[in-house]
Every structure is written in C-alpha cells, then in structure tokens.
1. Please go through (1) out of contact with any strand residue (DSSP E or B) (no Cβ under 8 Å at 6 or more places or on another chain); (2) assigned to a helix (DSSP H, G or I) for Arg526 and return the number of the only condition it doesn't satisfy.
2. Checking the condition closer than 22 Å to Val447 by Cβ, out of contact with any Lys or Arg (no Cβ under 7 Å at 6 or more places or on another chain) and surrounded by fewer than 16 Cβ atoms within 10 Å (Cβ to Cβ), which residue from Thr366, Thr329, Thr413, Thr421 passes?
3. Select from the stretch 393-439 the residues that are closer than 21 Å to Gln218 by Cβ and either acidic (Asp, Glu) or assigned by TED's automatic domain parsing to the domain that holds Gly252 (or both) and list them in ascending order.
4. Could you count how many residues in the stretch 262-297 are under 21 Å from the mean Cα position of the chain (by Cα) and small (Gly, Ala, Ser)?
5. Within the set of pairs 6+ apart or on separate chains, which have a first residue in the stretch 203-228 that is surrounded by 20 or more Cβ atoms within 10 Å (Cβ to Cβ), a second that is hydroxyl-bearing (Ser, Thr, Tyr) and part of a loop (DSSP other than H, G, I, E, B), and C-beta atoms under 8 Å apart?
6. In this structure, does Ser219 turn out to be touching a helix residue (DSSP H, G or I) at 6+ places or on another chain (Cβ under 7 Å) and farther than 24 Å from Tyr425 by Cβ?
7. Quick one: Thr79 ticks every box in (1) closer than 26 Å to Gly417 by Cα; (2) of a type in the set (Val, Ile, Thr); (3) in contact with a Gly (Cβ under 8 Å, 6 or more places away or on another chain) bar one, so which box is it?
8. In contact with a Gly (Cβ under 8 Å, 6 or more places away or on another chain), of a type in the set (Gly, Ala, Ser) and within 22 Å of Ala61 (Cβ to Cβ), is that true of Ala184?
Amino acid sequence: MAKVDGGVMVIKTLLAGGIDQGFALHGGHLEPVFQAAIDHSFPIIDTRHEAAAGHAGAGYAKSNGRPAAVFVTAGPGMTNVITALADAYLDGVPMIVIAGAEPLVENEANALQGGFDQVALAKPVSKWAFRITRTETIPRIVARAIRVASTGRPGPVFLEIPADVIYQPLPYEEFDSPKIELPAKPAPGVGSLGEALDLLKKAKRPIIMAGAGVALSQSQKLLTAFAEMTDTPVYTNCKAHGAIPTRHPLWGGDFANLKALNDEGAPPDVVLLLGARIGRYTGGMTDSLVPFDTKIISVDIDGSEIGRLRPVKIGIEADCSEFLNTAITDAAGYDWSDREEWRSVVTNAADWHIRRFKDALDKSNTPIHPYKAGFEIVNALPQQSWVVVDGGESYNWIELNLAQSDIGGFMVTGYLGCLGTGMPYAIGAQLAHPDKPIVCIAGDGAVGFNIQEFDTMARHNLPILNIVFNNQCWGLSKHGQMMMFGANRQSIVDLADSGYDGVAKAFGCHGERVTEADEIGPAIRRALDSGLPSCLNIVVDREVVAPFTEALVGNRKSQGEVVIPYYENLNASA
C-alpha cells in the first residue's frame, strides 16, 4: 500500500530546508499538503484572504529573516496572492508560495478554477516561478525553491502543483527528505574593505544609511557595535528602523532627516550605504538627501544595485552581516577619533519635528493632533515592541516619534506602496516573535483592506494591538488634492467616522474608541492587559497635513514645473 503522496513530499522538504511556518487559506487543490502538515507538526495559520496569507508570510520573513511557506488554492486563490508576491519581490523578501491548479489531464477542458497560465502570471513578480508536473520531482524542485528564495538577493518563489500531481500516491513506505545546504553568504574583499575603512576614518562628517539588507540579514547588533566603534551616526529607512536602538545617541532618524542636516549647512562628506538601494527612499536621482559631491561606499548583496543611479566611490558586493562582522574585526586596528561635535549636529537636525510641532504637544485639542497622537502612542508602548505601520500619513506621524521608545523592529510597505499590509505583517511578526508585543498602527483607509483579519488574530490567540488613526479620509490623497488643486477640488477622498473598534469586538477582540490625547496611554495599557487582540479607534484631526505629504506633493521648484505626486516633476516647457 502506497503511503506517500505529493503533500508529504512538500511538507518534509520544507522542514528539511528550515521552513517551519505556513500561512494559508484552505482549498481542496492542496488538501494533501494540509493533511501532511497535521502528521508532521507543521504549523499553518489560516487567514481570511489569500493576500493576507501572502503578506503574513512576508511579515514573518521581514521580522526574523527566515522564509515562510504560503499555500493558496487555484484560480482566485492564486490571483489574490499576486499583490503579496509583488510586494515581496520589490522589497527582496524571501518566501515560498505554493498554489494548486487544475489537473494536468484537464488542461484546456474548461475545468474549475483553471483556464489560465498561473506561472506566467506569477513570473514577473517572482524570483523564480515553476510548474511541477511529476510527483517524484517535488523534493528536488521544492529544495531548489528554498535555495533560490534564500540566496543572493532574497525574494519570493512561486510553485504551481496541479491536483493530479499533488494527490498522486507513490509506492514508497517512507520518504527521506533531501539534504538542503545553502551556500555561504558573500563576504567583502580585503582590499575594498580596507579602502572603505580608510575613507570612513578620514571623513569629517560620515554617516551610515542602513536599509533592508541590515534587517533581513539580522545584523542589527553588529550595526550598533560598528557604529559605536567608529563613532559614526546611523540613519535608517522605513525597512530598518530599530536596526540601531531608536533611543541611541548615534541614531539620526529616518533618511528624510538628512534634508534638515543639509539645511543646516552640514551635509555628510562620506556615506556608508549599507543594504539600502538608491531610489525613492534615498532621494532618487536628486541631491535632496545625499549631495552629489558626497563620497558613497555602497554595500549590497546585489551587485547590480551598486551605482545604479549614482556613481559610488567604493562598491562592495557582500551580505550586510558578513560585511559588518569583518569590518568590526578590521576596524579594531584603527584609532577612531571622537566625533562628539558631529554627533550633536546630527542630533539637533533630527529634532526638527519636535521644534515644529511643539505647540501641538503642549495643547490638548479635540480632535487630537496626529503628531501628539503619535507621540502618546509610541511613548506608551512597551520596550522592544515590534511596530507595524500601514498607511500614508499615519506612517509619518509614528515614524517621527520613534525615539520615544526602544522598539524591537519596524515594518511598513516598501516600493510597492501597498496599503492593507499592516494587519497581515503583524500576524507574521507575532508568529516570529511570540514573546514580544506586536503593534499595528493603520490609517482608517488602510485598515479597510484586511479588516477581516481581526478574526484570524482572535481564532489563533494572537494578542496584537491594533491602532487606527481615524481622520475620516484618505489623508495623503485628500491633502495632496488640496495642495495641488485647492480645498474646493476634493474627489473620492472622504470616509465615514466608522466604528472600527466595534468591528474588532464583533470578531472577539478588545475594542475602544479614543477621542482625547490623555486617554491614549491608559487605553493602550487596558488593551495590552486584556490579553486579547485589540483595536483602539483614535480620532485625529483631518486638517493637519503630514510633512511626508508636503515632501511628496509640495516640491515645485519653479512655475514651469507640473507637480506629479510621488515622482519627479514634469518640466512644462519641455
């Protein structure tokens, strides 16, 4: 009697590759996988939407550097996960997405949930996409998928397994999973590392700009040690906040704070670009954040990113953890000068928003000023909380206040700019860090994409604190329209004052509506003490424009420019 089918092969191969967490929404196409998961103690969190399952897998990987498996059924299940694939692909996040499909023998037979090429659809947003057509090849192909997702620049891999392939029994009594070994991560060359350290030592105003490469390689402690050894200030982007403690005197805040540094006439003369790509989050092709005459040392696991948009002085193709390990050893042989004066310049520039919004902190207006709401939220969070933010302006108000607490980590959508990732990311982070508080802060627009995941949190006992910035509008869009066309030209940007806390309570979570700033801290403590997933519906002032929006929309330098939100402006005379 045959005892092994494709499902057993999938699960045992994933376990052999170190993948021991799954996210899914049930579908009969992959039933052998779910049955094998029971037999081999492979945990699967089932969400209420396939996009949420995909984003949860990405959240898991973003928060601990390890890929998860995502299982979706054929047809609409597969199309629903495409957004999560694209999000992970653009941000270099490893995960294995496995989709079911109609049986091979029923191709072109008008079968249920078939009739289109799922692999072709996934290929542009996957590091590798492949259809498995024979059951006995499953171990080899899944093992290759794990290697592809995890080596070099990480990314999502998509596998399709047709129903007759996954259900096919094989004449084995037992199945021995393959041995999966990953190659060593690339390390820096001796010569280029020495040149980089020499350049850093000679610099008068050096900084480190740390990005996703630091977070995904789990080299946060190494970064802090290197920064302290060399007395070099560190800036992080939205993919790496928490990579150096956010209360650390060497943390300069977000990359955007470099504008304040430049405005004070103290631009950096040397930048160590560590696991961060030149693009949207680094000022693009402009000198708005990094002046053109600044010497750049670029360290990236993907050599094609080095010098993509800006020439670099030194390029080092290496994993960030390998670079930092070696750099710390070699830097110990240098005599690093104290940069106290430079540190004070960086700290003063980083506090620009405190000076700008001082009046908002001193007053207790209703509705709550969003900057004050962000201040009170972050100040009330337990130390080492993982913070997940979902939305346009809500993200900015939280990010500006991160120095109020030493967070454990931070997540927000990246280059895809995809709303609705917050609650699923938080689910993944909670599975990756079951002993840490996980906090998801979303705008009232963003929370609507996956609000059904309150049910997932409740069913799986995931005590995630969810906070909604309720300003009854799509804030970034509304304020962008106002700045570009005037307050009388508002179109499809307003929302109702909805009871998001009531929705959470209906799913079995703790919920409260908060309308006063001094209620925020006590409400957070009650939510955490409840031991349940929770939702705080905080009403904030819809009229206040975030600095993030001003930077994205209000950047016209001359009357001859046509403003395009989020991108470089058009020259109307061209």
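1. Looking at each condition in turn, Arg526 falls short on (1).
2. Thr366
3. Correct list: Asp406, Asp435.
4. 5
5. Sorted first by the residue in the stretch 203-228, then by its partner, the pairs are Pro206/Thr232; Ile207/Thr232; Ile208/Thr232; Phe226/Thr232.
6. no
7. Result: Thr79 passes all but (3).
8. When the stated conditions are applied, Ala184 does not pass them.
The values are calculated or read from the model by the stated rules, or taken from the named source; none is laboratory data. Note that this is a predicted model, so its numbers are computed, not measured. No Cβ is skipped: glycine too gets one built from the backbone with ideal geometry, and neighbour counts run over all protein chains shown.
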